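The values are calculated or read from the model by the stated rules, or taken from the named source; none is laboratory data. Since the model is a prediction, treat every value here as computed from it, not as a measurement. Cβ sites come from the backbone with ideal geometry, for glycine too, and all protein chains shown count toward neighbours. Each accessible area value is taken on the protein alone, full model and side chains, heavy atoms only, with ligands, DNA and RNA left out. Shrake-Rupley method; radii C 1.70, N 1.55, O 1.52, S 1.80 Å.
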Amino acid sequence: QVQLVESGGGLVQAGGSLRLSCAPSGSIFRINRMGWYRQAPGKQRELVADISPGGSTNYADSVKGRFTISRDNAKNTVSLQMNSLKPEDTAVYYCRCQPVWGTDYWGQGTQVTVST
C-alpha cells in the first residue's frame, strides 16, 4: 500500500519560514493534481494550495503571496514553502495526491505551530 510521507513541520516564531515536503513511499501511476490542506483545532480541513502537472496553481486567499507550492513530476513529490508565517497558520498540514484513476492518497499530517 503506497503512502504519502510528509516532512518539514515544526515550531516557528511568527514571521519565520518552514518548508513542507511530501513524497510517496512507492510508485503512483499518472498523478493529476497534488496539494496541501490544513486543519486547525475545531475547524474543517481546508485547501491551502494545489498544483497541476503543468504547474497551474491555486492558493487560499489567506496564504497568497506568502506560500509557494511546487512539484517534481519525475519524483512525484510536492513541496510547500511557507514564509511570513502567522499564528493563524497553526494547523496540521496534509499532503494530497489525486491520481488520474483511482482514489486519492493522503498523508498522515504534519504539525505546524507558529508562536507569537
*Search result, residues across the range 71-87 that are within 13 Å of the chain's Cα centre (by Cα) and either closer than 16 Å to G10 by Cα or loosely packed, with under 15 Cβ neighbours inside 10 Å (or both)*: S79, L80, Q81, M82
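Please enumerate the residues belonging to the range 65-79 that are part of a strand (DSSP E or B) and of a type outside the set (A, V, I, L, M). If you could, list the steps in order and put the result at the bottom.
Pass one, the range 65-79, residues part of a strand (DSSP E or B): 67-72, 77-79.
Once the filter is applied, which keeps residues that are part of a strand (DSSP E or B) and of a type outside the set (A, V, I, L, M), the range 65-79 yields F67, T68, S70, R71, D72, T77, S79.
When you check D50 against the structure, is it of a type in the set (D, E), under 19 Å from G10 (Cβ atoms) and either open to solvent by less than 40 Å² (accessible area, probe 1.4 Å) or touching a Cys at 6+ places or on another chain (Cβ under 9 Å) (or both), yes or no?
Working: of a type in the set (D, E): yes; under 19 Å from G10 (Cβ atoms): no; either open to solvent by less than 40 Å² (accessible area, probe 1.4 Å) or touching a Cys at 6+ places or on another chain (Cβ under 9 Å) (or both): yes.
No.
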*Kindly check whether there is at least one residue in the range 88-101 that is in contact with a helix residue (DSSP H, G or I) (Cβ under 9 Å, 6 or more places away or on another chain) and either open to solvent by less than 50 Å² (accessible area, probe 1.4 Å) or outside any strand (DSSP E or B) (or both).*
yes
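Being open to solvent by 60 Å² or more (accessible area, probe 1.4 Å), touching a Leu at 6+ places or on another chain (Cβ under 7 Å) and modelled with pLDDT of 95 or more: is that true of W36 here?
Numbers: open to solvent by 60 Å² or more (accessible area, probe 1.4 Å): no; touching a Leu at 6+ places or on another chain (Cβ under 7 Å): yes; modelled with pLDDT of 95 or more: yes.
So W36 does not fit the description; no.
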